[in-house]
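Beneath this line is the structure, given in structure tokens, with notes to follow.
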Amino acid sequence: MGERARWTELTTPFGGFVVAWTGEERPTVRAAGFGPVAEVLAGLDDLTGLTGLTGRAAVTPVRDDGPGIVRSAVLRHLEGDRTAFDGLAVEQPGADFHRLCWQAIRETRFGQRISYGELARLAGAPRGARAAANACAATRVSWILPVHRVVRADGSLGGYGGREDLKEALLDWESSLL
């Protein structure tokens, strides 16, 4: 029997934002991003071995635009609540080093920028800047996991799923709220 993942799409100043989660009382975000719904929901394709999910069961996305915990957190974040995403559980498949990077990214402050090298150091691999960049690129839960805050050592933006303009807009928005 397959698992159900609820999803919603919200209009933001940065474009449509899609977020998918499992669980109702204590939701866990499994996929999120700016882009076409099908592209973001493709992040649900293989959730093997993640907490609360059974095997490689097919995940059935079900639209849910009700006033739930996840949708509320996104709306509060848009209103300037810097901590709105902090209470959301996030889980996605990835290598151990990716998970260490993702945890370090979640600990960055709103408006803070860190380099890929600094991220690697925080994750325990001081010479792993390229691997840290790969961890950022591998995320299936962008914005909620603020990989947009990770930049190149020279301060230039670096990648963001081919959307450097979006990364710049998110960073500018955070700076404007400080």
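The values are calculated or read from the model by the stated rules, or taken from the named source; none is laboratory data. Quick caveat: nothing in here was measured; it's all calculated off a predicted structure. Note that we place each Cβ from the backbone using ideal geometry, even for glycine, and neighbour counts take in every protein chain shown. Only protein heavy atoms, including side chains, enter the accessible area calculation; ligands, DNA and RNA are left aside. Shrake-Rupley method; radii C 1.70, N 1.55, O 1.52, S 1.80 Å.
When shorter helices are ignored and each DSSP H run of at least 4 residues is given -39500 (n - 2.57), the per-residue value for the chain at 222 nm works out to -9000 deg cm²/dmol.
Given a 10 angstrom Cα cut-off, can you work out which residue in Thr108, Thr60, Thr139 is the most mobile in a GNM of the chain? Among Thr108, Thr60, Thr139, the largest GNM mean-square fluctuation belongs to Thr60. What nm distance separates the two modelled labels at Leu177 and Val37, each placed 7 Å from Cα along Cα→Cβ? It is 2.6 nm.
With the whole protein complex present, Ser72 retains an accessible surface near 50 Å², based on a 1.4 Å probe. Taken over the chain, the alpha-carbon convex hull comes to 107 cubic angstrom per residue.
Each Cα pair under 8 Å and six or more residues apart adds its separation to the average, and for the stretch 29-178 the resulting relative contact order is 23 percent. A simple count of charges around Leu10, restricted to other residues whose Cβ falls under 13 Å of its Cβ and scoring Lys, Arg +1 and Asp, Glu -1, yields -1.
Per residue, the chain exposes 51 Å² of solvent-accessible protein surface, assessed with a 1.4 angstrom probe and all protein chains in place.
When the chain is treated as a GNM with alpha-carbon contacts under 10 Å, the residue of Gln103, Gln112, Gln92 showing the greatest mean-square fluctuation is Gln112. Qualifying GluC sites (Glu not before Pro) in the stretch 55-128, where qualification requires a DSSP coil assignment and no more than 12 other C-beta atoms within 10 Å, comprise Glu79, Glu107. Remark: the chain carries a charge dipole of roughly 420 debye about the Cα centre, counting +1 on each Lys and Arg Cβ and -1 on each Asp and Glu Cβ. Once the C-beta distance of Ala89 and Asp165 is scaled by a Förster radius of 35 Å, the resulting FRET efficiency is 0.70 to the nearest 0.05. Cα axis of helix 96-106 to longest principal axis of the chain: angle in degrees, 0 to 90, nearest 10? It works out to around 80 degrees.
Compared with the dominant principal axis of the Cα atoms in the chain, helix 164-176 is inclined by about 80°.
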